[in-house]
Amino acid sequence: MPVRKASSLTITLILPFVMLIALLTGVLGVLWYWTGSKTVSMLSKQLMVEMAERISQAVDRHIFSSGSIIEASFPAGLQAPDRIEDDMVALRTRLWAATSLTQHQGDYVFYGNRHGQGIGLLRSKETQAELRIKLHAQDVRSIYLLTGIQAEPIFLSKESNLFDPRSRPWYRLAQGVAGHIWTPVYIDFNAKDLVMTRARQVFGRDGQPSGVVATDVSLKELRLFVDGLHLSEGAQAFILEPNGDLIAGTGMDNIRENGEQPPSRVNAARAGNPMLKVVYRQLLNEFSQSNEVARTALIFDAEDHAIEVAYRRVTDEAGLNWLAVVAVPHQQMLAGIRAHVVLVVALGLLALGIALALGLRIFGGLAKDMRSLTYAVRRVGQGEIDVPIGVERNDEIGELANNVHHMRHRLFTDALTGAANRSALNHILETLTRPGSGKPAVFAILFIDLNQFKPLNDRWGHENGDLALIEVVQRLKEVLRSNDVLIRLGGDEFVAVLQGIHSDDQLKVVKAKVLEVLAPALQTLKGLPEGELVHLGAAIGQAIFPKDGADPQSLLKHADLDMYRNKQHNGDGR
């Protein structure tokens, strides 16, 4: 009996203490979840910045070739003939070569001079183009078919309307401008899509302006890229001009149909999209004030609802001035965290009846996992794309960690091949080239461009093209080391980051292995006739840090140029 009383007294004295500790454990758990909300907010901002950078890179990649087309048509310093017929064959040859750079159907380059003469070449197929010529200002243009760079033009027809290049916006805007210049974006009424023209003045043998060379750039692919971005629920991405006109937007048309009236541009100030209006109004000054580094901001709509935005100003030497924006309602961003907080409060109340040891154990595990998750997110933000999350749970924290892992995987992995993607490459190179107090990084990169890939796609289909890319990645991984990283830039272009490589002799060995492993016929293609073999080769360029470049852009440019030199030297095709 005395023992039973002592036991009851002990329980009576300890129970309030256990309940108090359990309550404190629940409260501290809530605080840890609030810390988790900050972690998720930080990660969300990081992902939004990455998305804004991806849009900017897509713009750069989409318009980069336009400058090359103009320079291939009229290299800097090349003097134009006074009249087109004085140098017709050479001019026609350069226009053909210029439209061969990207191998895109629809590439169009044209030249008009001060006499009202004009010549243009529209690439319709790999071995076919349409040549448009007028040799007298009062004449309409004649249209010819070209079936090769040296082929004789075959007359097709004459246009019905008079075309004077001197009256066109691209010709007038280029007058008096030292370099390249963009025309305003306009609607191509035939294609029902946005187009802009890049132009540059050309000088004659007398040193005076002789004419203007220009090329059209369709913005259709850019619109499709932005519309196809995988964003979280409620998020939207835009590309805007300073006057509010929309270049591209997720789930939005950039051209408004007006019944029987001509189509018009969609403008942010007059659009029916509330988020687009708020974003444009709040970020209007950034078209002239922001630098070209992605940043984030918290803005508010007319009803005082918070919107988290990441934006990057996109400019170039020809006068491009756009803003790439990713926007997410702040309430939507933290909706999952609020649900988690409610759940933890309920669990905290339930924990009042749980033993002290179990409560402390739960709290200890939660604290450890939150620290691991916070540490992993911070390391991802510093450029370490493969840092382990280190959280193995079956609750909301485990789900959150799993979502972080999957978001990171989608952000840094090429969906087709499983190789790393361009965002991963940017992170890796920024990390390796970032100045620090430790020993400088030693690494090199290989820029690998597959040969004969386009003929494979054209003959055997895009499904076999995808299978070929997957097989190429598997082969390349066989010869790369575990600490090397293989990145697919897009299409048939790859970059390998090789840590610890610091000499041309070492790179020579790696390049030989790469060429050797790519030499055998492909094994995974489907539907090939018996005995048919398909081979892919590669042109490889290299760059060593810091000898060939002290920053990511310089290294990639050096390796890209080296690859093109090797491709041209070896006579490789695509």
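The values are calculated or read from the model by the stated rules, or taken from the named source; none is laboratory data. Just so you know, these numbers come straight off a predicted model, no measurement behind them. For neighbour counting, all protein chains shown are included, and Cβ atoms are generated from backbone atoms with ideal geometry for every residue, glycine included.
Quick notes
- Of all the numbered requirements in (1) in contact with a Gly (Cβ under 6 Å, 6 or more places away or on another chain); (2) farther than 18 Å from E430 by Cα; (3) of a type outside the set (K, R); (4) without any contact (Cβ under 8 Å) to a residue 40 or more places away in the chain, M563 misses one, and that requirement is (4).
- When residues of region 234-256 are limited to those that are assigned to a loop (DSSP other than H, G, I, E, B) and charged (D, E, K, R), the one farthest from Q331 (Cα to Cα): E241
- Selection from region 529-540 of residues that are in contact with a strand residue (DSSP E or B) (Cβ under 8 Å, 6 or more places away or on another chain) and either assigned to a strand (DSSP E or B) or of a type in the set (G, A, S) (or both): G537, A538, A539, I540
- Among the residues here, K526 qualifies as loosely packed, with under 14 Cβ neighbours inside 10 Å and either assigned to a helix (DSSP H, G or I) or at pLDDT below 95 (or both).
- Search result, residues across region 205-252 that are under 15 Å from the mean Cα position of the chain (by Cα), acidic (D, E) and under 25 Å from S44 (Cβ atoms): D227
- Conditions (1) touching a strand residue (DSSP E or B) at 6+ places or on another chain (Cβ under 8 Å); (2) at pLDDT 90 or above: number failed by Q208: (1)
- Members of region 152-171 found to be out of contact with any helix residue (DSSP H, G or I) (no Cβ under 7 Å at 6 or more places or on another chain) and surrounded by 14 or more Cβ atoms within 10 Å (Cβ to Cβ), listed by number: P153, F163, D164, R166, R168, W170
- Of all positions in region 95-116, at least one carries a residue that is hydrophobic (A, V, I, L, M, F, W, C), surrounded by fewer than 20 Cβ atoms within 10 Å (Cβ to Cβ) and either without any contact (Cβ under 8 Å) to a residue 12 or more places away in the chain or outside any loop (DSSP other than H, G, I, E, B) (or both).
- In the set V495, V509, V485, V517, only one residue is surrounded by 15 or more Cβ atoms within 10 Å (Cβ to Cβ), farther than 22 Å from A424 by Cα and hydrophobic (A, V, I, L, M, F, W, C); that residue is V517.
- Scanning region 267-322 for residues that are in a strand (DSSP E or B) and small (G, A, S), we see that the one that is nearest to N254 (Cα to Cα) is A310.
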